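Asker: Shown below is the structure under consideration.
Every read-out reported here was derived from the displayed coordinates using simple, explicitly stated rules and does not represent laboratory data. Only a predicted model underlies this, so the values are computations on that prediction, with no experimental measurement involved. Here the Cβ positions follow ideal geometry from the backbone for every residue, glycine too, while neighbour counts run over all protein chains shown.
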Amino acid sequence: MGKIVLLSGFASGLLYFRLPLLRGLVAAGHEVIAAAPEEDARVAPVLKEIGVGWRPIEFDRNRVRPIRDLRFLRDIRNLIQETAPDRLLCAMLKPNIYGGWAARSEGVPSAAMVTGLGTVFMNPGWRRSVAARMLRRACRHHDIVFVQNPEDRRDLLDGRVVEDASKIVQTAGEGIDLNAFPLAPLPDRPVFLMLSRLLEAKGVREYLAAAAKLRQSCPDATVQLAGIEDPASGGVPVAEVRAAEARGEVEYLGFVEDVQAAIAACSVCVLPSWYEGTPHSLLEGMAMGRPIIATDVRGCRETVVDQETGLLVPVRDPDALAGAMERLALDAELRASMGSAGRRLAEGRFSAEVVVREMLSALQL
């Protein structure tokens with residue numbers, strides 16, 4: 001068996017999204033080390049408990065800072081030299097780029113996990129051109145590039161970011177642990193929950209606007225928002241959310257450590273994002289039997305069978321979002337039927353066990 005280093009751009013993401021993959025690698029007999037910025041004190045003890053090593057590595061995931069980025073590249077090379085892995089796995093944009101460069105320099109096989117192309121690739125301009133060239137150089141070394149939706153696959157090929165189509169493997173996101181998110185009974189009353197960092201591109205402002213509209217038509221409905229402020233470009237200030245809370249339009253839960261309990265207390269999960277890879281919060285809601293309201297955009301639309309497991313609405317349209325929320329607020333039977341259908345979809349398509357097995361097979365691990 002080999003030694004695997006998983007390099008991620010977000011420490012908490014190791015807990016929220018990648019535990020099934022890490023457990024799968026350990027179960028297959030590999031020595032596994034995870035590396036990410038040290039920004040969550042829970043990460044190291046949880047990884048130790050499942051038999052995964054921890055190596056913090058610092059960088060700015062949301063900003064281009066040439067000197068610090070070159071240091072990040074140096075630190076990845078140092079990490080590879082010190083740990084001597086048989087393979088480097090990279091997740092998120094900067095690790096995918098600089099991890100690929102470092103792995104090439106050190107002669108180590110590597111793979112990229114594209115969890116969503118992000119605003120850099122969604123907006124035409126010089127930043128997109130530069131990022132595409134940098135990622136293309138990395139993907140010439142990556143032997144596998146995992147994507148989570150067909151649009152990301154198409155864009156990587158059309159833009160010649162990935163020049164060999166056989167390298168691309170599409171998975172159903174990173175899968176959802178069905179045991180960690182079991183089916184739970186729905187509350188009797190309508191409670192809407194959005195789980196997300198406070199980013200404009202996640203649709204936070206549209207959600208707040210829809211909450212204000214829903215208050216007029218369904219005063220008994222509760223609209224909750226859970227997530228931390230993100231100081232990155234495009235962040236929505238927490239003061240803006242607090243102002244909506246003061247008006248009685250939304251309940252702000254802040255950081256939620258027990259995500260399962262938060263979903264169990266809601267009756268509908270909502271994510272009006274502008275783009276996604278495959279949104280994990282929606283998979284969690286589906287697994288627990290919650291109907292989904294999401295935008296009809298890449299990544300989100302893959303998680304919803306419209307009118308069956310939930311409702312798709314146009315992006316950046318708070319009126320349409322409010323209308324979908326009102327429809328589910330007023331129809332308890334529809335909430336129940338869509339929630340049950342969503343659980344079946346999660347079992348059939350999004351099980352982490354199936355996704356991890358596909359990934360390990362593609363990586364020949």
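Asker: Could you calculate the contour length gain from ARG197 to ALA261, that is, 0.36 nm times the residue separation minus the distance between their Cα atoms, to one decimal place in nm?
Answerer: Separation in residues times 0.36 nm, less the Cα-Cα distance, equals 21.2 nm.
Asker: What residues qualify as long-range amide H neighbours of SER351, i.e. H under 5 Å apart, gap of 5 or more or another chain, H built at 1.01 Å from N?
Answerer: Sorted by chain and number, the residues that satisfy this are ILE176.
Asker: Could you give the C-alpha radius of gyration of segment 8-153 expressed as a fraction of 2.2 N^0.38 Å, taking N as the number of residues it contains?
Answerer: Taking N as the residue count of segment 8-153, the ratio is 1.01.
Asker: Using Cα springs under 10 Å in a Gaussian network model of the chain, which residue among ALA11, ALA329, ALA180 shows the largest mean-square fluctuation?
Answerer: The residue that fluctuates most here is ALA180.
Asker: In segment 185-293, which GluC sites (Glu not before Pro) are in a loop and have at most 12 other Cβ atoms within 10 Å, using DSSP for the loop call?
Answerer: Those that pass, being in a loop and sparsely packed, are GLU257.
Asker: Just grab the label-to-label distance for ASP306 and GLU39, each label 7 Å out from Cα along the Cβ direction, in nm (one decimal).
Answerer: Reported label-point gap for ASP306 and GLU39 is 3.4 nm.
Asker: Here's a follow-up. Return the FRET efficiency for the residue pair ALA28, TRP126: r is the Cβ-Cβ distance, R0 is 41 Å, and the value is rounded to the nearest 0.05.
Answerer: That gives a FRET efficiency of 0.45.
Asker: Taking amide H atoms as placed 1.01 Å from N in the peptide plane, list the residues 5 or more away in sequence, or in a different chain, whose amide H sits under 5 Å from that of VAL223.
Answerer: PHE192, GLU251
Asker: Report the Rg/Rh value for segment 1-88, based on alpha-carbon coordinates and the Kirkwood definition of Rh.
Answerer: 0.97
Asker: Still on this model: If you build a Gaussian network model of the chain, linking Cα atoms that sit under 10 Å apart, which residue out of PHE146, PHE350, PHE72 swings the most?
Answerer: Result: PHE72 has the largest fluctuation of those listed.
Asker: Please find the FRET efficiency linking ALA84 to VAL46, where r is the Cβ-Cβ separation and R0 is fixed at 25 Å, and quote it to the nearest 0.05.
Answerer: 0.50
Asker: Then there's this: ³J(HN,Hα) across segment 103-108 via Karplus (A = 6.51, B = -1.76, C = 1.60, θ = phi - 60°), whole Hz, x for Gly/Pro?
Answerer: Residue by residue, segment 103-108 yields 4, 5, 4, 9, x, 10 Hz.
Asker: Here's another thing I want to ask about it. Please list 3J(HN,Hα) in residue order for segment 163-180, calculated via the Karplus relation 6.51 cos²θ - 1.76 cosθ + 1.60 where θ = phi - 60°; whole Hz, with x for glycine and proline.
Answerer: With the stated coefficients, segment 163-180 comes to 8, 10, 4, 5, 6, 8, 10, 8, 10, 7, x, 9, x, 10, 6, 5, 6, 6 Hz.
Asker: Considering Cα pairs under 8 angstrom that are at least six residues apart, work out the relative contact order of segment 287-356 and quote it in whole percent.
Answerer: The normalised contact order for segment 287-356 reaches 41 percent.
Asker: Taking every alpha carbon pair in segment 247-323, what does the distance histogram look like in 10 angstrom bins from 0, in percent?
Answerer: In order of increasing distance, the bins hold 19, 49, 31, 1 percent.
Asker: Further, regarding this structure: log10 I(q)/I(0), Debye, Cα-only segment 191-349, no solvent, q = 0.14, 0.18, 0.20 Å⁻¹?
Answerer: With no solvent term, the Cα-only Debye profile gives -0.60, -1.04, -1.32.
Asker: Can you tell me which of TRP126, TRP54, TRP101 moves the most in a GNM of the chain? Springs connect C-alpha atoms under 10 Å apart.
Answerer: It is TRP126.
Asker: In the chain, with Lys and Arg counted as +1 and Asp and Glu as -1 at Cβ, which of these residues, ALA209, GLY289, GLY53, has the Cα nearest the positive end of the dipole, that is, farthest along it?
Answerer: Farthest towards the positive pole: GLY53.
Asker: Same structure again: Stretch SER337-ARG55 to full length: gain in nm at 0.36 nm per residue minus the Cα-Cα span?
Answerer: Residue separation times 0.36 nm, minus the Cα-Cα distance, leaves 97.0 nm.
Asker: Right, here's the next one. Counting pairwise Cα distances across the chain, what percent come out greater than 26 angstrom?
Answerer: 50
Asker: Nearest 500 deg cm²/dmol is fine: what mean residue ellipticity at 222 nm does the chain get from its DSSP H runs of n ≥ 4 alone, each adding -39,500 (n - 2.57), divided by its residue count?
Answerer: Counting only the DSSP helices, I get -13000 deg cm²/dmol.
Asker: Follow-up question, since we're still on this one. Give me, ordered by chain and number, the residues 5 or more places off VAL270 or on other chains with an amide H under 5 Å from its own placed amide H.
Answerer: Those qualifying (amide H under 5 Å, at least 5 residues apart or on another chain) are LEU193, MET194, LEU195, ILE293.
Asker: If I model a spin label as a point 7 Å beyond the Cα along the Cα-Cβ vector, how far apart are those points for ASN179 and GLN216 in nm?
Answerer: For ASN179 paired with GLN216, the spin-label model returns 4.9 nm.
Asker: Enumerate the calculated ³J(HN,Hα) couplings along segment 135-140 in order (Karplus 6.51 cos²θ - 1.76 cosθ + 1.60, θ = phi - 60°), each rounded to whole Hz, writing x wherever the residue is Gly or Pro.
Answerer: For segment 135-140, the Karplus curve yields 5, 4, 4, 5, 6, 5 Hz.
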